[in-house]
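One structure is given below, encoded as structure tokens.
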Amino acid sequence: MRAIIKFRWLIAVLLAVLTAGLFFYAPSLTELAEEEDSFQLPANVTSQQADDILNEAGEGEETISLVLQLDEPLTDNTEKEIQRYIEEIENGKNTESITNPFEREELREQLISENEDVVLVPVAINGSADAVEAGNKIESLTVPDGMKRYVTGDSIISDDVDKTTQEGLEKTEGITVILIFILLLVVFRAVVTPFVPLISVAITYLLSQSIVSLFVEWFGFPVSTYTQIFLVAVLFGIGTDYCILLLSRYKEELSAGHAVQEAIINTYKTAGKTLFYSGLAVFVGFSAIGFANFAIFQSAVGVAVGIFVLLIVLYTLVPFFMAVLKEKLFWPSKQAASHHDSKLWKAMGSLSVYRPIFSIAIVALLTVPFLVTYDNDVSYNNTDEISAGAESVEGLRVIEEAFGMGDALPLQVVIDTEEDMVTAEKIAYVENLSQAIERSDDVEEVRSVTRPTGYVIDELYVDTQMEDVSSGIGDAREGLSEVQDGLTEIENGLHDMNNQVSSSGSGGSLDEAIAGVEDVNEQVGGISQQLQQTRDIQTAVKQLAGVQQGLTEIQSGLEQGNVEISAQQQQSSNLSGGLEDLAAGVQEAIDGLEDIETGLEEAESFTEDISEAAYTRGTGVFVPEEFLEEEDFQDAVDEYVFSDNTGMTLEVSLKDDPNSLEAINASKRVKRLVDQEIQGTPLAKGDIAYSGVPGIHADLQEVSSEDFTKTILIILVGLFVILAVLLRSLFQPLFILAGLLLTYYTAMGAAELIFVNGLGYPGIMWPVPFFAFVMLVALGVDYSIFLFDRYREEAALGVRQGLMKSMVKMGTVIITAAIILSGTFGAMIPSGVLTLMQVGTVVVTGLMLFGLVILPLFIPAVVSFNESNQSNNPS
């Protein structure tokens with residue numbers, strides 16, 4: 001410290017030059033945060049795998065939604081206006097393709113609301129980086145009269161959140177600086193003193209921001225829009241607290257008559273040591289964030305850089321101000337910097353130190369109601385982050401009302417293989433999977449290559465197909481019946497002719513033909529009866545071939561008879577003409593039987609194909625080859641199958657709101673169902689991944705929960721080690737950490753009562769538990785160190801006397817520090833970003849609870865009770 005004091009001007013100049021140089025050299029942290037996709041989940045989660053599969057297949061273009069809300073139901077004229085509007089959008093540079101809702105009837109059903117007052121136009125974008133620009137381009141176009149236009153999508157909503165966050169950052173910065181300046185004026189009642197913490201923290205913030213920016217650019221350091229906000233809140237909060245600790249002790253040393261240099265050295269030997277351990281604890285807490293898997297959580301590790309820089313500034317720049325300004329540092333008040341003994345903490349100390357059981361009961365009375373009512377309701381709805389007046393959010397609300405959120409934000413099942421998926425077998429198993437998913441109680445509808453509009457194609461199912469075959473057999477029997485009727489007429493005609501021929505003396509030249517017709521007629525009747533009883537198409541086809549041969553012989557006989565009659569009788573023209581008609585009738589019967597035979601052969605071939613297709617036994621589905629060539633099916637292939645046919649997607653519309661916890665649980669059940677259904681099928685050879693809002697939220701829940709659990713353990717272990725080394729005790733760190741955990745869960749319970757039960761939000765935003773825990777525990781441990789480091793100094797007085805004196809001396813410092821830090825986090829509440837509002841609420845509630853209840857009433861009570869028991873039971 002003597003060297004720092006000696007070279008104070010050089011150090012101060014170098015620090016100023018370094019700050020200015022890095023400020024102009026380093027890239028903008030704000031711009032880096034906007035460019036960085038901090039929301040990207042780890043590569044091993046299924047939604048990220050789905051995105052990777054789609055991107056590799058060239059199917060990963062983002063889609064934004066143009067929503068047109070009509071004043072009146074759709075008319076032909078309005079449709080033409082929308083068509084022209086769509087054509088104008090198609091000329092945009094960033095547009096990959098536009099799905100025209102008027103192009104096909106099935107698209108019309110999907111993209112036009114039932115009341116025909118909302119038209120949804122999906123717009124595929126060349127890349128997610130261009131989605132916002134494309135949305136801005138659409139918004140710049142003139143909207144046709146008689147309708148409202150909304151543009152929404154993931155990137156557009158995220159951009160609105162980022163803009164709101166940046167606006168919130170600007171508000172937070174301004175409010176924080178003004179608030180701290182006012183608080184410092186109140187604390188020190190001096191004009192000069194407040195500028196020392198403000199200048200020191202401002203230099204720390206500028207340096208930290210520049211260093212983090214360079215780390216991002218050089219090493220891919222994690223960053224998000226939260227990085228700057230947390231830097232501002234934490235650095236201005238604890239930076240001011242640390243400065244108050246140093247300046248207060250410095251004033252005490254000056255008041256004790258020590259020279260300036262000696263006062264500075266003594267300050268850093270005492271308060272400086274406390275500051276170092278406190279800063280180290282906070283540094284460990286924020287460094288532990290680096291072990292998280294989620295980039296948005298990791299982005300807060302930049303605060304650890306800020307803490308490191310803050311310690312350097314506090315050990316270099318603050319001694320500069322002390323040495324240069326000397327007593328003038330506290331002008332005009334000479335007594336302002338000294339903190340008076342805390343009467344409040346003295347009263348609470350008398351209770352917690354001497355009546356620990358009663359003190360703990362009071363704490364329980366204050367905290368248990370919040371703990372009991374805390375349900376840990378968490379929301380993953382990103383649209384709640386910003387005001388409902390944002391156009392992107394309003395557009396989503398219109399979609400929800402017109403189509404239902406399940407249709408608008410489906411769970412996407414991505415199937416990726418190395419084989420051709422557009423085969424009869426694969427398509428059959430996809431339809432079987434679609435059917436199994438749709439049968440789930442959680443699912444409203446499934447859209448896939450076999451059901452592009454969500455409706456089942458019954459013709460693909462064997463039972464329907466066999467019904468058609470059965471119907472065909474019925475038609476064949478009707479045809480056979482008609483043939484029988486025709487043959488009966490022929491038979492009767494032959495009898496009449498034969499009688500005429502017999503009366504003229506020619507004899508029974510037609511007897512053989514009559515017998516043949518009778519025989520054939522009986523055979524036809526037998527075939528019809530056999531078809532009815534056995535459905536044996538193959539035998540019927542063979543029998544029909546024999547019948548046709550018999551009819552051909554009859555026809556030849558009739559022709560021969562016609563020749564004989566013509567030769568034997570002069571007036572045979574009438575009989576000859578009759579025989580020709582009968583022969584023609586036989587030919588019609590032959591033709592009819594041929595048609596029946598052809599139909600039965602087709603039915604036989606179809607049933608053979610079904611029996612030979614092994615997949616039908618496991619799916620109940622048979623896909624005819626001609627179905628694969630149909631134009632409608634090819635349209636579905638274009639929509640749901642990868643361009644190289646090696647993968648496809650299924651869209652699962654859930655019954656629950658896709659942003660709800662119910663939808664997350666439903667998506668998990670759907671995943672388990674899919675895993676079960678594909679076992680033993682060709683689909684099991686491929687990779688199955690899940691995306692879409694419900695799938696992403698399910699992964700988000702899993703990753704955030706894992707990160708929260710892991711980070712809690714790392715932080716608690718790290719803080720325990722630091723506290724154990726500092727306090728030279730194993731029990732006191734446990735009591736402190738227990739108090740911090742009690743504070744955290746009580747503050748979360750209070751926040752849940754405010755935002756969920758009071759304001760009606762579905763839950764606390766998912767980043768809040770993580771960030772709030774890190775902030776509250778890492779920062780709250782400071783005050784414990786302030787108190788118990790002083791307690792170690794007073795250890796000679798005994799446990800109870802030492803605790804009492806420590807509380808009396810440090811109470812005002814801790815309460816002041818808590819108020820200042822609460823002020824910096826309270827500045828987040830007017831930010832307009834729900835996550836920041838909730839984090840601010842939890843941290844402010846927690847810090848005040850810890851500073852006014854837990855630290856003075858709970859932790860000393862537990863320590864006193866434990867120490868008393870140990871002294872009473874020395875063995």
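The values are calculated or read from the model by the stated rules, or taken from the named source; none is laboratory data. Values in this document were obtained by computation on a predicted structure and should not be read as measured data. As a convention, Cβ positions derive from the backbone with ideal geometry for all residues, glycine included, and neighbour counts pool all protein chains shown. Note: areas computed on protein heavy atoms with side chains; ligands, DNA, RNA excluded. Shrake-Rupley method; radii C 1.70, N 1.55, O 1.52, S 1.80 Å.
Values as computed for the structure displayed
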| item | result |
| --- | --- |
| Residues ALA3 and PHE181, FRET efficiency given R0 of 25 Å [Cβ-Cβ distance, rounded to 0.05] | 0.20 |
| Dipole of region 89-236, positive direction: furthest Cα of VAL186, SER155, SER208, with charges on the beta-carbon | VAL186 |
| All lysines inside 20 Å of LYS805 as judged from Cα atoms, apart from same-chain residues fewer than 8 positions distant | LYS251, LYS273, LYS343, LYS346 |
| Net +/- balance of residues flanking LEU169 in space, Cβ distance below 11 Å, scoring K and R +1, D and E -1 | -2 |
| Nearby lysines by direct alpha-carbon distance to LYS426 (threshold 17 angstrom, same-chain neighbours under 8 apart not counted) | LYS685 |
| Pairs beyond 31 Å (Cα-Cα), from LYS80/LYS671; LYS80/LYS163; LYS326/LYS809; LYS269/LYS328; LYS148/LYS668 | LYS80/LYS671; LYS80/LYS163; LYS148/LYS668 |
| Distant-in-sequence amide H partners of GLY647 (H built 1.01 Å from N, under 5 Å) | THR417, MET421, PHE642 |
| D (Stokes-Einstein, µm²/s), Kirkwood Cα radius, region 728-875, 1.002 mPa s at 20 °C | 132 |
| Probe 1.4 Å, all protein chains present, accessible-area order of PHE39, PHE627, PHE308, PHE297, largest first | PHE308, PHE39, PHE627, PHE297 |
| Per-residue SASA entry for ILE357, accessible area with 1.4 Å probe, Å² rounded to 10 | 100 |
| Region 171-277: C-alpha gyration tensor shape, a/c 1.5 cut-off, then a/b vs b/c | oblate |
| Net lengthening on full extension, ASN55/GLN261 (0.36 nm per residue, minus Cα-Cα) | 67.7 nm |
| Whether region 671-790 is rounded, prolate or oblate, judged on the alpha carbon gyration tensor where a/c under 1.5 counts as rounded | oblate |
| For region 731-871, with +1 on Lys and Arg beta carbons and -1 on Asp and Glu, the positive-most of ALA751, PHE735, LEU797 along the dipole | LEU797 |
| Tensor-based shape of region 41-186 (alpha-carbon gyration tensor, a/c under 1.5 rounded, otherwise prolate or oblate) | oblate |
| Karplus-derived HN-Hα couplings along region 231-237 (A = 6.51, B = -1.76, C = 1.60, θ = phi - 60°), whole Hz, x at Gly and Pro | 4, 4, 5, 6, 5, 5, x |
| Using a Förster distance of 51 Å, the FRET efficiency for GLU217-LEU344 (Cβ separation, nearest 0.05) | 0.55 |
| FRET efficiency for GLU139 and ILE199, using Cβ-Cβ distance with R0 set to 56 Å, rounded to 0.05 | 0.80 |
| In order through region 269-285: 3J(HN,Hα) via Karplus (6.51 cos²θ - 1.76 cosθ + 1.60), integer Hz, x for Gly, Pro | 6, 9, 5, x, 5, 4, 4, 4, 5, 5, x, 5, 5, 5, 4, 4, x |
| For LEU821, net neighbour charge (Lys/Arg +1, Asp/Glu -1) across residues whose Cβ lies under 11 Å away | -2 |
| Amide proton proximity set for TYR690, modelled H, under 5 Å, gap of 5+ | SER47, ALA50, VAL414 |
| Region 772-811 and region 262-281: distance between their alpha carbon centers, rounded to Å | 15 |
| Amide hydrogen neighbours beyond the local backbone of GLU103, cut-off 5 Å, H modeled | none |
| ³J(HN,Hα) computed for each position of region 395-404 - Karplus, 6.51 cos²θ - 1.76 cosθ + 1.60, integer Hz, glycine/proline x | x, 5, 5, 5, 4, 4, 6, 7, 10, x |
| Cα pair distances of region 225-341 binned at 10 Å [whole percent] | 13, 40, 26, 15, 6, 0 |
